[in-house]
Amino acid sequence: MATLRYIAFLAEDPTKLVDFYHRFLGTEELGRSPEGDISITDGFYNLTFFKRRTALGEMHMDIGLHHIGLQVADLEEVKGRFLKLNPRGMIIQEPNDLYHGEIRLHDPECRPVTVSTKSFGVPAAKEKQFPRVRHIAYNALDPETMLLFYTQVFGLREIPPSYLRRQQGRDNRFCADGKTNLALHPFYNMIEGHEAKYGINHIGFLTNTMQATMAELSTVLKIAPRPSNRLYAELRFRDLEGNALDLSQTKGWEVDVNKWETAA
């Protein structure tokens, strides 16, 4: 099974964002490019902030959370599964450096997905328990088709909340890789607290210092409690460029079938 290990942002000011993530979420820098791109890590993920510029050549150039990446064991096997699901799908070579994977695919809604057999430049010695990304959430037009993409191409496992939503006639779908919960929500959704942002809507960090982090964050920005009926995460806030971030200690996330991670 593949493992989610990379999140890319388009940013107006990567340096300010990196300072924010270092201060409040305990990240460390991995490297900087001459063009102003910066990669940082929570100990497991590579979080890359690309300086927004025409030369990136992206189909979607909006500031914010942009695309994700997965580490796989066999690149050719993944290519084969991708083309079986989508015979006309494009496979693009990437630079295979700190800021990119080896190849780029696109999900069923034309969002990039970068793939690598390496760890996206994150040394094994960096891994830590807290704080760390445990959740990525998309808003999609067709969550079921997105679920098929991640389960059939990358081997992620559908988890129980997804079955429950299906029984309830709701379109929310969930899968996981053993370390991260991937939520696929319907873009058109009237439920309380839903934010209609297409593509990656937010990511979530698990922390064991919730009160201290909240106290520090509240000196510079607004923190909002999540609706009490939500399955995951207690709080939501935004970084300096408006990217939505969830923070959890006691609720946590289901990161595999009946496997929850909390910091309670």
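With a ≥ b ≥ c taken as the square roots of the eigenvalues of the C-alpha gyration tensor of region 65-215, please select rounded if a/c is under 1.5 and otherwise prolate if a/b is larger than b/c or oblate if it is not? Kindly include the intermediate steps, with their values, before the conclusion.
On the way: a/c = 1.80, a/b = 1.09, b/c = 1.66.
In terms of gyration-tensor shape, oblate.
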Per residue of region 86-99, in order, report the coupling 6.51 cos²θ - 1.76 cosθ + 1.60 (Karplus, θ = phi - 60°) as ³J(HN,Hα) in whole Hz, putting x for Gly and Pro. 9, x, 9, x, 8, 10, 10, 6, 10, x, 6, 10, 4, 9
So for the chain, averaging the separation of alpha carbon pairs under 8 Å that are six or more residues apart and normalising by length, what relative contact order in percent results? 18
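Rank by packing, highest mean first: peptides 80-87, 115-122, with packing defined as the count of other Cβ atoms within 10 Å averaged across residues.
Values: 80-87: 14.0, 115-122: 19.6.
The packing order, highest mean first, is 115-122, 80-87.
Would you mind getting the accessible area per residue of the chain, heavy atoms of the protein chains only, 1.4 Å probe, in Å²? Let's see the in-between values first.
Details: 11370 Å² over 264 residues.
Per residue, the chain has 43 Å² of solvent-accessible surface.
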Classify region 1-57 as rounded, prolate or oblate, taking a ≥ b ≥ c as the square roots of the eigenvalues of its Cα gyration tensor: rounded when a/c is under 1.5, otherwise prolate if a/b is larger than b/c and oblate if not. oblate
Tell me, what % of the accessible area of region 1-129 is carbon and sulfur with a 1.4 angstrom probe? 50
With the full set of protein chains in place, find how many percent of the accessible area of region 159-264 is carbon and sulfur; take the probe as 1.4 Å. 54
What 222 nm value per residue comes from the helices of the chain, counting each DSSP H run with n ≥ 4 as -39,500 (n - 2.57) and dividing by all residues, nearest 500 deg cm²/dmol? -5500 deg cm²/dmol
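With a cap of 16 neighbouring Cβ atoms within 10 Å, and only residues DSSP puts in a loop, list the GluC sites (Glu not before Pro) found in region 152-200. Provide the component values of the computation, followed by the final result.
Working: sites: E158, E192, E195; in loops: E192, E195.
Those satisfying the criteria are E192, E195.
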Among all the aspartates and glutamates, which ones have a C-alpha under 20 Å from K126's C-alpha, if same-chain residues fewer than 8 places away are not counted? D19, E28, E29, D42, D97, D177, E261
Looks like the chain, by Cα gyration tensor root eigenvalues a ≥ b ≥ c and the a/c under 1.5 rounded cutoff (else prolate when a/b is bigger than b/c, oblate otherwise), is rounded
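Which of the residue pairs K128/K222; K16/K259; K16/K79 have a Cα-Cα distance greater than 30 Å in the structure shown? Provide the component values of the computation, followed by the final result.
On the way: K128/K222 27 Å; K16/K259 35 Å; K16/K79 37 Å.
Violating the 30 Å Cα-Cα cut-off are K16/K259; K16/K79.
Work out, step by step, the length gained on full extension between K222 and H22: first 0.36 nm times the residue separation, then minus their alpha carbon distance; give nm to one decimal.
Values: separation 200, 0.36 × 200 = 72.00 nm, distance 1.83 nm.
Stretched fully, the K222-H22 segment lengthens by 70.2 nm.
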Amide H of R5: which non-local residues (sequence gap of 5 or more, or other chain) have their own amide H closer than 5 Å, using H built in the peptide plane? G69, L70, Q71
Under 5 Å between amide H atoms, partner at least 5 residues away or on a different chain: which partners does A140 have, H built in plane at 1.01 Å? H185, F187
Applied in sequence order to region 117-122, the curve 6.51 cos²θ - 1.76 cosθ + 1.60 (Karplus, θ = phi - 60°) yields integer Hz couplings, x standing for Gly and Pro, of 8, 9, 9, 6, x, 9
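The values are calculated or read from the model by the stated rules, or taken from the named source; none is laboratory data. Nothing here was measured: the structure is a model prediction, and the numbers come from that model. Here the Cβ is made from the backbone with ideal geometry for all residues, glycine too, and neighbour counts use every protein chain on show. The area values use the complete protein model at the heavy-atom level, side chains included, leaving out ligands, DNA and RNA. Shrake-Rupley method; radii C 1.70, N 1.55, O 1.52, S 1.80 Å.
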